[in-house]
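All of the numbers you see were taken from the coordinates with simple rules; none came from a lab. Fair warning: this is a prediction, and the values are worked out from it, not measured in the lab. A quick note on method: Cβ atoms are made from the backbone with ideal geometry, for glycine too, and the neighbour counts reach across all protein chains shown.
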Amino acid sequence: MSLTFHWFLPTNGDSRHVVGGGHGTPATASGRDRPPTVGYLSQIARAAEDLGFEGALTPTGAWCEDAWLTTAMVSRHTERLKFLVAFRPGFVSPTLAAQMASTFQRQTGGRLLLNVVTGGESHEQRAYGDFLDKDARYRRTGEFLHIVRELWEGKAVDLEGEHLRVEDARLARVPDPVPEVYFGGSSPIAGEIAARHVDVYLTWGEPPARVAEKIAWIRGLAARQGRTLRFGIRLHVITRDTSEAAWAEADRLLAGFDPATVASVQAGLARSESEGQRRMLALHGGDRNGLEIHPNLWAGIGLVRGGAGTALVGSHTEVADRIKEYAALGIEEFVLSGYPHLEEAYWFGEGVLPRLAADGLWRHPAGERGACVQVPFAG
């Protein structure tokens, strides 16, 4: 098995400190340290491409730049890297979204992946003019993906659904290849939508036992639909030549968390309707103590950031071992990030990926042309 690794484009800004925000909370002031210019994001994207990452996730929401526009601009500065574009299906018509994806594929040489984000925060959705409740949003997502996938197959679509209606919808040109659809969600209805429509189910970085439960749950749902899915996990990383150096960096980040900011972010996240966010909050309970919730799995990021709130922390060998632990459960794709994203991409790409390659678990997407990084001695 060859594992796949994606990096992250911080379109909410970057810093040597954690940039908080997400799930209805604004980006923290640290996001202004390195503004998300096309130049800086392209620098990260080129580094990720050279190091051997398959793609890069770009978030969606009021706290960051628009993912479609940003990735379209950054794509001009890269050659191979794919873009895992997060988007919310309630904000654009399914026919237009299918057309946008088709155009993106042609203009980038097939480098689009789609991360469907239904939206877990009603107050943020209402700011965009969407007044459906959470369950209704998921049902709309199901209708949306049904229409989009039919259009991508070159079919004419007529549908009068509960939330969406199209008549004689069709594309003049279908995408080649068809973009893979990534999706995450921990509520019962999210599982049903994933089982019917998506290619890769994403989970946030919970301890392995809980991840195993999620995988078994989704696998069972998909089997009843006659489908099989791949599984991915979203994590931050802090990897260094030694375990001591990595944990020192985690301690440095934690020391930079202003108590007032932590309290404000936690209060904002507490009103989240997202089951996944609730599970993230339960890992730390807003407390700075006991943040290592599994060997080398640190919940400190979640004190100031919504969404993915855990990081793999340790030496390169320790981080590689934790990746192997998740891979043994059935995780095939890892969507990673770290602060700052440019430097941390190199720590992981030069420290961890060669160790996984040596074990036959990863190969550079560019083949021999990209396989020039040697395993460092330490760690």
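Descriptive notes on the structure:
- Reachable aspartates and glutamates from LYS324, criterion Cα separation under 14 angstrom, eight or more residues apart if same chain: GLU332, GLU333, ASP359
- Principal-axis tilt of helix 341-351 within the chain, Cα atoms, nearest 10 degrees: 70 degrees
- Cα-based reach from LYS155 at 17 Å (exclusive), listing aspartates and glutamates while leaving out same-chain residues under 8 positions away: GLU143, GLU167, ASP168, ASP176
- Mean-position separation - Cα centroids, the stretch 20-42 and the stretch 172-188, in angstrom: 26 Å
- Selected from LEU112, LEU202, LEU254 as most flexible by GNM, with the chain as the system and alpha-carbon contacts under 10 Å: LEU254
- For the chain, the longest principal axis of the Cα atoms and the long axis of helix 94-108 meet at an angle of about 50 degrees.
- Chain lengthening between ALA358 and GLN225 when straightened (0.36 nm per residue, less Cα-Cα): 44.1 nm
- Most mobile listed residue (GLY306, GLY226, GLY285) in the chain, GNM with C-alpha springs under 10 Å: GLY226
- Under the shape rule built on the C-alpha gyration tensor, where the axes satisfy a ≥ b ≥ c, the stretch 226-333 is oblate, since a/c reaches at least 1.5 while a/b does not exceed b/c.
- Prolate is the label for the stretch 185-225, because a/c, from the alpha-carbon gyration tensor with a ≥ b ≥ c as root eigenvalues, is 1.5 or above and a/b exceeds b/c.
- Here the extension length gained between ALA263 and GLU79 equals 62.0 nm, from 0.36 nm per residue of separation less the Cα-Cα distance.
- Ignoring lysines fewer than eight residues from LYS82 along the same chain, none have Cα atoms less than 22 angstrom from its Cα.
- Theoretical FRET efficiency, 1/(1+(r/R0)^6), r = Cβ-Cβ of ARG252 and ALA216, R0 45 Å, to 0.05: 0.75
- Convex hull of Cα atoms in the stretch 9-78, direction-averaged projection (nm²): 4.6 nm²
- Inverse mean reciprocal Cα-Cα distance (Kirkwood Rh) of the stretch 143-301, Å: 18.8 Å
- The Rg/Rh ratio for the stretch 58-103, using Cα coordinates for both the radius of gyration and the Kirkwood hydrodynamic radius, is 0.97.
- Where labels lie 7 Å past Cα in the beta-carbon direction, separation of ARG16 and LYS155 in nm: 5.5 nm
- Cα-based values for the stretch 30-165, radius of gyration first and Dmax second, are 16.3, 49 Å.
- Semi-axis lengths (Å, descending) of the ellipsoid that matches the C-alpha gyration tensor of the chain: 31, 24, 20
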